[in-house]
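Accompanying notes for the structure given below.
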Number of protein chains: 4
Amino acid sequence: MALTGVLRPGHVALRVLEMGPALKHYVDVLGLIEVARDKAGRVFLKAWDEHDHHSVVLREADEAGMDYMGWRVDSPATLKKLAADIEKSGLASDLGWVPAGEHPATGERFRFTVATGHVMELFAEKDKLGNDCGTDGPDVNPHPWPDNLRGIAPSRFDHCLLYGDDLDGTVKLFREVLGFGLAEQVTAGPDGSLMIGAFLTCSNKPHDIALIRQPVKGKFHHASFILGSWEEVLKAGDILSRNKVSLDIGPTRHGITRGETIYFFDPSGNRNEVFAGGYIYYPDKPTITWTEQELGPAIFYHDRKLNERFLQVFT
Amino acid sequence: MALTGVLRPGHVALRVLEMGPALKHYVDVLGLIEVARDKAGRVFLKAWDEHDHHSVVLREADEAGMDYMGWRVDSPATLKKLAADIEKSGLASDLGWVPAGEHPATGERFRFTVATGHVMELFAEKDKLGNDCGTDGPDVNPHPWPDNLRGIAPSRFDHCLLYGDDLDGTVKLFREVLGFGLAEQVTAGPDGSLMIGAFLTCSNKPHDIALIRQPVKGKFHHASFILGSWEEVLKAGDILSRNKVSLDIGPTRHGITRGETIYFFDPSGNRNEVFAGGYIYYPDKPTITWTEQELGPAIFYHDRKLNERFLQVFT
Amino acid sequence: MALTGVLRPGHVALRVLEMGPALKHYVDVLGLIEVARDKAGRVFLKAWDEHDHHSVVLREADEAGMDYMGWRVDSPATLKKLAADIEKSGLASDLGWVPAGEHPATGERFRFTVATGHVMELFAEKDKLGNDCGTDGPDVNPHPWPDNLRGIAPSRFDHCLLYGDDLDGTVKLFREVLGFGLAEQVTAGPDGSLMIGAFLTCSNKPHDIALIRQPVKGKFHHASFILGSWEEVLKAGDILSRNKVSLDIGPTRHGITRGETIYFFDPSGNRNEVFAGGYIYYPDKPTITWTEQELGPAIFYHDRKLNERFLQVFT
Amino acid sequence: MALTGVLRPGHVALRVLEMGPALKHYVDVLGLIEVARDKAGRVFLKAWDEHDHHSVVLREADEAGMDYMGWRVDSPATLKKLAADIEKSGLASDLGWVPAGEHPATGERFRFTVATGHVMELFAEKDKLGNDCGTDGPDVNPHPWPDNLRGIAPSRFDHCLLYGDDLDGTVKLFREVLGFGLAEQVTAGPDGSLMIGAFLTCSNKPHDIALIRQPVKGKFHHASFILGSWEEVLKAGDILSRNKVSLDIGPTRHGITRGETIYFFDPSGNRNEVFAGGYIYYPDKPTITWTEQELGPAIFYHDRKLNERFLQVFT
């Protein structure tokens, strides 16, 4: 968690073209747990080791992509303070409050749009559902994993990678107002001074949000979920193939973050990632810089080159 | 890192009976890197993925055990504030400052003794040595791991487990003054209200320090170092056996923290652990409670019972 | 498979005290598949990647232990020839034929008792059930693993370890008549000439049967089932603990065979093992010899010492 | 080993364009051990867990590719018998004997050319060098792995995949004369009766040699070396990238054999594979058939499609 009180990515709201196939994908194949539906037809999901009520929100729409990403902060006081800080910073637009209950089991959310066109939210309250591991009550004498897992079964929603134009504005807000660290960056340009990729963290994880500079607004590259081991990445690949899920790339390793990864698409074309590994980040760790010439191994350390799809396909 | 600004366990200072065998153990077998010696004969070591100058300090003495454990805070201002908070709390004794340079490449340290008799330190400055992964300069286009590893080669010093009597006093200081979270606890007593084990964290890791209630003062159970996978735990066991290192227990899994672990002893009888795995902790995660009857699986999840050595042997 | 035509351990017949708890153990926890019951109440089971009709036979009895172990040979002609060879050798007693159909879906079996008192069988015919991986018919376009696995789910029954007195006689029969290789041996005695352990193979696996010299006749130490990885050994330990199965030892590594292992007991006290790893054996590979002083690491490579239970508890 | 007495792939002789870079690749990166050079400049190598004197032979030439592949049989008598059988079969050409000593530490070899144009050899004698694991003499009280490994360090040379036209002739010889099993096949053609891929085994491994039908003679697709785990496949990918070795594809899983794999090229363009996993084969296991439509997942189970390079690039 950042010293500002931003704890973690709390939810991502995705648009899907049809809810039926989407749920088959996110529940049966990816292995998330459906926890609620609302009157508008939105479906709320969580991963097995998340205590919060939900971390993924699906909505039917004519176009795939991300509606917004929400960040859990440690307290209502922090929520109030950060909302004011964001407003004061001038680095976001369309600021406003979403009332408590608009997401089930969730308090009020402060919503704003960052320079790359993505809608972000902060919130301080969401009910706890626990993780089904406890044997003598929730959180009492737990097993290390529940016995009702199915599909790939990542333990948590981990981060998003987003595409947008004004990278500097968004990075400035996350770093200077929300207190994120810049764990890694990709630089380009004649003197290497143009940041074309930013991997930002509010935790000891190598990234909680990543941004790539592209001449677009508010685009979504992928939502990522965390696994426990490289062997689980292999099993994920097996499960994806068995279910004829459209694979993007992997299993492989990222240079950036060292993560062990596999990418694939939901039936609406939204990219997902499951991954394992990475290092322990601290705010005083020097930022890792990747130069443009080493962009290949930065993204796919084994292949040492990008596939075009990675840059060109997003929602 | 805690919202108070305490970032991580920064160093542990251990007493060894003879420096030669100790270095064979910590460098050749465990795989730490020697970075400095001082006039007093102390040897300073780091793990390969730590950026700080050192994390382990060895000193020859007539009796094994831990001299002190040091905590990195985010800034000199935090150091000053926390020193004042500790003094004000009345929860520590023998407070004082160790001047900059007493540890090489390290700023001044605020030293104090907690209720269980352990000496703790806070510090804000230590030189960065980096991790030997960068290919075009430190932290530029890095490989995921350096190619000069030897021995078990954990990536970082992770935490200590300590034995002492006044658990409540020490836990109170870590939680209320330093801002640590209580990730897990073991309870006992007629009504289950006596905390006999506390697993405290200032990060997203399940523990940065752990304490077990025993009728002693200032005792050391183990220092732990983190590995990347369960397979590395197996290889650690192989390396320990090849070198005829005295094994305590493992490979196995902890119920507490879910860690995958192996314990062993340095030539002076100080216990070490290397482990992998565990979950991602956040300050709003409910504390996990283990009841006394389930102490077996809490500590060794597979064996479901303690070996006597785990409770009775410490330094 | 041995050049004589002995292919593999085809089945092990075990006595259990109560069938209900035994099936809960072997089906729900270990993850074998029940394929048949006969009028006598025997239950026939197979592991998921075995093609043969069954590999484990359970029978209710007043005392736990092994009734017999059966070996699949490549053809009826080999069966006939080896039966004659065994008779001629004088190394077995109580020779005779069990008629086809006495085991469901199985041809006639040649039964004999070896010098250590264990009942062995050879057979050439057993129906094939396949492995549930094929997608367009059995054995057509298969997935790497079926999606209906439960429990620990080893892929195959692998070997047995047996205790008996006249080791030399049994080893002589397996080597000289059945064509097994001696992959590893443990030696003792004043001049190291007494073989106290023999690890015999009719395949490229390090062992298909193992024998330990003990002053008993026809005793059973364990039946072993093979897993795909060290991570599956960890998961096996987790599943055993969740189900409160009595653990013997592990996860750990064997010096002998290099296997990565965990031992546990069925509800009747019969020991089971699941393991991964080991090397590729060929008939021209030199026999590995373990001396008595290194018996500890030979059996448990990490602990470097035997637990008494390993030697004293058998059925 | 086949019931005929063919034990294993004993060696592969490869042509490289320049010996210096080739040795850097095969020794420093792949991690084979150089054991001998002869007057003609050939270099003989072995993997760490092979007992035989050598398994890879490198020769400088103007064109990359495979000179021949040699098969270890169990005895001189078998060698003589199989040489006669091959001659009698009419399925091979250019038959002849290579005298003992032409390869260092190796007995006479019977050489022949199969229908696809590949040169094969049988031999019965090669000196044993052992595996550096023994602690009290070779093969006495061994460690599970030696402590002088470097690079990727596969334990053994495992198999070759070859490209050629008259697949039927070569498969017929291996099956009917040498006693290999057809573990898996790929079929095509209007009625699925054309075998376009054959995976043949003389052991309990899923393949010892594989052949793909292509309108060429005597071409080499890859030589493969075996690793102990999927994690070692990841580390292999890391080591290849660090050394800027040209990667073909992987890490990924094969549908055929279930192997976990990564492909790459030596500096001369010869393809190598390192892999882990696979199943246990027996001669009575039904042949697995892959239909042409499922060729994608057959080769690369996760991607579910071939890359052109896999079919078009060979030496």
Task: Test: residue D:191 is of a type in the set (Asp, Glu) and more than 21 Å from residue D:284 (Cα to Cα) - done: yes
- [ ] Identify all residues within the range A:238-247 that are under 24 Å from residue A:57 (Cα atoms) and either of a type in the set (Ser, Thr, Tyr) or in contact with a Gly (Cβ under 9 Å, 6 or more places away or on another chain) (or both); write none if there are none.
- [x] A:239, A:243, A:246, A:247
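Okay, residues lined up against (1) touching a strand residue (DSSP E or B) at 6+ places or on another chain (Cβ under 8 Å); (2) hydrophobic (A, V, I, L, M, F, W, C); (3) within 14 Å of chain A (Cβ to nearest Cβ); (4) not in a strand (DSSP E or B):
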| residue | (1), (2), (3), (4) |
| --- | --- |
| B:174 | yes, yes, no, yes |
| B:179 | yes, no, yes, yes |
| B:187 | yes, no, yes, no |
| B:190 | no, no, no, yes |
Task: Count - residues of the range D:21-65 that are among the acidic types (Asp, Glu), under 27 Å from residue C:282 (Cβ atoms) and touching a Lys or Arg at 6+ places or on another chain (Cβ under 9 Å) - done: 4
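Could you tell me how many of the residues in the range C:15-59 are assigned to a strand (DSSP E or B) and under 16 Å from the mean Cα position of the chain (by Cα)?
Quick first cut of the range C:15-59, residues assigned to a strand (DSSP E or B) only: C:15-16, C:33-37, C:43-46, C:52, C:56-59.
Cutting the leftovers down to under 16 Å from the mean Cα position of the chain (by Cα) gives us C:15, C:44-46, C:52, C:56-58.
Matching residues across the range C:15-59 total 8.
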- [ ] Count, please, the residues in the range A:70-91 that happen to be outside any helix (DSSP H, G or I) and of a type in the set (Val, Ile, Thr).
- [x] 1
Open item on the list: If I filter the range B:81-101 for residues that are aliphatic (A, V, I, L, M), touching a helix residue (DSSP H, G or I) at 6+ places or on another chain (Cβ under 8 Å) and under 30 Å from residue B:146 (Cα atoms), do I get at least one hit?
Closed with: no
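Out of the residues in the range A:33-73 that are of a type in the set (A, V, I, L, M) and in contact (Cβ under 8 Å) with a residue 60 or more places away in the chain, which is farthest from residue A:272 (Cα to Cα)? Walk me through how you get there before you give the answer.
Of the range A:33-73, the ones of a type in the set (A, V, I, L, M) are A:33, A:35-36, A:40, A:43, A:45, A:47, A:56-58, A:61, A:64, A:66, A:69, A:73.
Pick out the ones that are also in contact (Cβ under 8 Å) with a residue 60 or more places away in the chain and you get A:35-36, A:47, A:56, A:64, A:66, A:69, A:73.
Values: A:35: 20, A:36: 21, A:47: 14, A:56: 12, A:64: 13, A:66: 12, A:69: 15, A:73: 25 Å.
That would be A:73.
Is the range C:239-256 home to any residue that is among the acidic types (Asp, Glu) and under 23 Å from residue B:239 (Cα atoms)? Please lay out each step first, then the result.
So the first thing to find is which residues in the range C:239-256 are among the acidic types (Asp, Glu), and the list is C:248.
Going one step further and asking which of them are under 23 Å from residue B:239 (Cα atoms), we end up with none.
No, every residue in the range C:239-256 fails to be among the acidic types (Asp, Glu) and under 23 Å from residue B:239 (Cα atoms).
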- [ ] Could you tell me whether residue D:117 is among the small types (Gly, Ala, Ser) and within 18 Å of the chain's Cα centre (by Cα)?
- [x] yes
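Scan the range A:286-303 and give yes if some residue there is over 15 Å from the mean Cα position of the chain (by Cα), of a type in the set (S, T, N, Q) and within 26 Å of residue A:22 (Cβ to Cβ), otherwise no. Spell out the reasoning first.
Within the range A:286-303, the subset over 15 Å from the mean Cα position of the chain (by Cα) is A:286-303.
Those still in the list that are of a type in the set (S, T, N, Q) too: A:287, A:289, A:291, A:293.
When the remaining residues are screened for being within 26 Å of residue A:22 (Cβ to Cβ), the result is none.
Looking for residues that are over 15 Å from the mean Cα position of the chain (by Cα), of a type in the set (S, T, N, Q) and within 26 Å of residue A:22 (Cβ to Cβ), one finds none in the range A:286-303, hence no.
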- [ ] Considering each of C:212, C:152 in turn, give the residue that is part of a loop (DSSP other than H, G, I, E, B), among the hydrophobic types (A, V, I, L, M, F, W, C) and either modelled with pLDDT of 95 or more or buried (at least 18 other Cβ atoms within 10 Å of the Cβ) (or both).
- [x] C:152
Open item on the list: Need a quick list: helices (runs of 4 or more DSSP H) entirely within the range B:218-315 having at least 2 residues that are within 7 Å of another protein chain (Cβ to nearest Cβ), surrounded by 23 or more Cβ atoms within 10 Å (Cβ to Cβ) and not basic (Lys, Arg).
Closed with: B:230-242
Open item on the list: If residue B:218 satisfies all but one of (1) touching a strand residue (DSSP E or B) at 6+ places or on another chain (Cβ under 9 Å); (2) at negative phi, what's the number of the condition it fails?
Closed with: (2)
Task: Sole exception among (1) surrounded by 23 or more Cβ atoms within 10 Å (Cβ to Cβ); (2) more than 10 Å from every other protein chain (Cβ to nearest Cβ); (3) among the charged types (D, E, K, R) for residue D:168, by number - done: (1)
Open item on the list: Looking only at the range D:178-199, count every residue that is crowded, with 21+ Cβ neighbours inside 10 Å and within 17 Å of residue D:92 (Cα to Cα) and tell me the total.
Closed with: 2
TODO: Considering only the range C:121-165, state which residues are facing chain D (nearest Cβ under 9 Å) and more than 20 Å from residue C:35 (Cα to Cα).
DONE: C:135, C:136, C:140, C:141, C:142, C:143, C:144
Task: Search result, residues across the range B:129-171 that are of a type in the set (Asp, Glu) and touching a helix residue (DSSP H, G or I) at 6+ places or on another chain (Cβ under 8 Å) - done: B:136, B:147
Task: Enumeration of residues in the range A:122-144 that are buried (at least 22 other Cβ atoms within 10 Å of the Cβ) and part of a strand (DSSP E or B) - done: A:122, A:123, A:126
Task: Single unsatisfied condition, residue A:146 versus (1) assigned by TED's automatic domain parsing to the domain that holds residue A:251; (2) modelled with pLDDT of 95 or more - done: (1)
Task: Those residues of the range A:13-60 which are aliphatic (A, V, I, L, M) and closer than 17 Å to residue A:133 by Cβ, in sequence order - done: A:32, A:33, A:35, A:47
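Among what's in the range C:98-130 and is farther than 18 Å from residue C:79 by Cα and touching a strand residue (DSSP E or B) at 6+ places or on another chain (Cβ under 9 Å), pick the residue that is modelled with the lowest pLDDT. Walk me through it before giving the result.
Let us first name the residues in the range C:98-130 that are farther than 18 Å from residue C:79 by Cα, namely C:104, C:115-118, C:128-130.
Now narrow it down to the ones that are touching a strand residue (DSSP E or B) at 6+ places or on another chain (Cβ under 9 Å): C:104, C:115-118, C:128-129.
Details: C:104: 98, C:115: 98, C:116: 98, C:117: 98, C:118: 98, C:128: 97, C:129: 94.
Residue satisfying both the conditions and the ranking: C:129.
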TODO: Just name the residue that is surrounded by the fewest Cβ atoms within 10 Å (Cβ to Cβ) out of those in the range C:1-46 that are more than 14 Å from every other protein chain (Cβ to nearest Cβ) and small (Gly, Ala, Ser).
DONE: C:40
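Filter the range B:91-104 for residues that are out of contact with any Leu (no Cβ under 8 Å at 6 or more places or on another chain) and in contact (Cβ under 8 Å) with a residue 60 or more places away in the chain; which is surrounded by the fewest Cβ atoms within 10 Å (Cβ to Cβ)?
As a first pass, look at the range B:91-104 and keep what is out of contact with any Leu (no Cβ under 8 Å at 6 or more places or on another chain): B:93-104.
Subsequent filtering for residues that are in contact (Cβ under 8 Å) with a residue 60 or more places away in the chain retains B:103-104.
Details: B:103: 25, B:104: 16.
My answer is B:104.
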- [ ] Inspect the range C:60-69 for any residue being outside any loop (DSSP other than H, G, I, E, B), in contact with a Leu (Cβ under 7 Å, 6 or more places away or on another chain) and buried (at least 19 other Cβ atoms within 10 Å of the Cβ) and give the result as yes or no.
- [x] yes
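The values are calculated or read from the model by the stated rules, or taken from the named source; none is laboratory data. These figures come from a predicted structure and were not determined experimentally. Heads up, the Cβs are rebuilt from the backbone with ideal geometry, glycines too, and the neighbour counts pull from every protein chain shown.
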